[in-house]
Amino acid sequence: MVKIFYFILIFSIITEVTSYQQQQEEEEDCIVETECPEGWRKFNRKMGAWCISLVVNGVKSQKEAQVNCERMGATLSGIESQGEYSYVQYKGNQINKNLNEVTWLWIGGKRRSECLSPKGSAAECQPMANNAFEWSDGVAVGTSQMRWAAGQPDNFRGNEDCLHMQFDQAQRNGVMNDYPCDQVAGGYLCGKRASILE
């Protein structure tokens with residue numbers, strides 16, 4: 001009886017180890033290697049690897065920035081993680097230091113359609129409500145990385161439906177502001193899914 005017990009115990013252990021090894025091999029088979037083009041930086045998002053590039057090129061509107069990103073096979077990018085925010089903040093400050101002037105960068109954020117004036121009267125759509133905005137890239141999740149300048153968003157004059165980042169050498173160190181979508185900016189943040197390596 002004792003021999004049968006030990007046999008069953010050893011058999012169970014071997015079965016568990018074999019099952020664990022098979023699971024590990026299956027997980028390794030699921031790992032997908034990705035890369036970003038030269039000059040782009042890769043970040044891991046909940047929806048998969050994402051590449052971003054900060055482009056210094058004056059544009060007349062957020063729409064023009066979006067069109068320029070599309071020409072690169074990308075979209076105007078939101079910011080999902082602290083790592084992404086820190087990277088964009090660092091690069092924006094470098095640009096600002098080199099230009100020695102206030103720098104505004106378009107990013108992929110807009111006021112939610114249900115919060116556009118004059119419809120946006122609900123509490124969640126009030127000017128200072130963070131959740132009145134969403135990322136427009138279709139990939140970034142959450143609004144925790146929307147870091148507003150003091151007193152923002154304020155929807156000044158009721159037409160500030162787009163999102164940009166401000167950099168200057170005084171106090172605005174990559175903070176965000178709601179702004180009219182048809183205004184000039186010194187650059188923009190593009191993003192796209194990382195390419196899968198074969």
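Nothing in this text is a laboratory measurement; each read-out follows from the coordinates by a stated rule. None of the values given here were measured: they were computed from a predicted structure. Don't worry about glycine lacking a Cβ; one is built from the backbone with ideal geometry, like all the others, and counts go over all protein chains shown.
Phi angles of the stretch 76-87 translate, via the Karplus equation with coefficients 6.51, -1.76, 1.60 and θ = phi - 60°, into HN-Hα couplings of 5, 9, x, 10, 9, 10, 4, x, 5, 4, 4, 5 Hz per residue; Gly and Pro are given as x.
FRET efficiency for the residue 150 to residue 38 pair, using the beta carbon distance and R₀ = 41 Å, is estimated at 0.65. Please list, ordered by chain and number, the residues whose modelled amide H lies under 5 Å from the amide H of residue 148; skip anything fewer than 5 residues away on the same chain. Counting only residues 5 or more places away or on other chains, the set is 176. Residues in the stretch 187-198 carry Karplus couplings, in order, of x, 7, 10, 9, x, 7, 5, 5, 6, 8, 7, 9 Hz; the curve used is 6.51 cos²θ - 1.76 cosθ + 1.60 with θ = phi - 60°, and Gly or Pro positions show x.
When the Cα atoms of the stretch 35-196 are aligned to their principal axes, the ranges along those axes come out at 44, 37, 27 Å in descending order. When only alpha carbons are used to place a centre, the stretch 85-105 and the stretch 149-198 end up 12 Å from one another.
3J(HN,Hα) along the stretch 62-70: 5, 4, 5, 4, 4, 4, 5, 5, 4 Hz, from the Karplus curve 6.51 cos²θ - 1.76 cosθ + 1.60 with θ = phi - 60°, whole Hz, x for Gly and Pro. The amide H of residue 49, built 1.01 Å from its N in the peptide plane, has 194 as neighbours under 5 Å, considering only residues 5 or more places off or on other chains.
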